[in-house]
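Just so it is clear, none of the values below were taken in a lab; they were calculated from the coordinates. All figures in this text were calculated on a predicted structure; none of them were measured in a lab. With ideal geometry, Cβ positions are generated from the backbone for all residues, glycine too; neighbour counts draw on all protein chains shown.
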């Protein structure tokens, strides 16, 4: 049987080979995208709106652009690692371009950048792509889309 990118084929199913497997890398990218979107655009949630480092740093000349470019590069790196589709990467690039372009204009651009959650939108696009191909990471609850809490220890005798 030929080796298909370090995965075994068993009765028509591809079995991921663990930490080195593509599914594992995609789920790691999903979790990293979650962290970036939370830091960039949802540190403080105000209903459907949020504020993060991207919106706060947009008001510091030059700093906002550097942060936006860095966070955007990290997201695109995660997309390459997860082997996201070309359409997803193009959508992500468009969101990040708009987000970074508004950062470069101080004042009105800073206000727009504070309100435009480009990193969040790009991260969600990547996460949807990963979910479509690999499902959610095992520790993520599909209903709440947050990490499952470990079960509480039962009280009793020791």
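Some notes on this structure:
- Least to most buried among 24, 119 (fewest other Cβ within 10 Å first): 24, 119
- In nm, spacing of pseudo-spin labels at residue 138 and residue 111 (7 Å Cα→C-beta vector): 5.0 nm
- Rel. contact order, % - alpha carbon contacts under 8 angstrom, at least six apart, the range 21-134: 35 percent
- Per residue, the convex hull spanned by the Cα atoms of the range 14-158 amounts to 155 cubic angstrom.
- Model label sites at residue 93 and residue 152, defined 7 Å from Cα along the beta-carbon direction, differ in position by 5.1 nm.
- Approximating the spin labels as points 7 Å out from Cα along Cα→Cβ, the residue 104-to-residue 85 distance works out to 3.0 nm.
- For 83, 152, order by how many other beta-carbon atoms lie within 10 Å, fewest first: 152, 83
- Packing rank of 84-92, 131-139, where each peptide gets the mean count of other beta carbons within 10 Å, highest leading: 84-92, 131-139
- Radius of gyration and Dmax over the Cα atoms of the range 68-147, both given in Å: 14.0, 43
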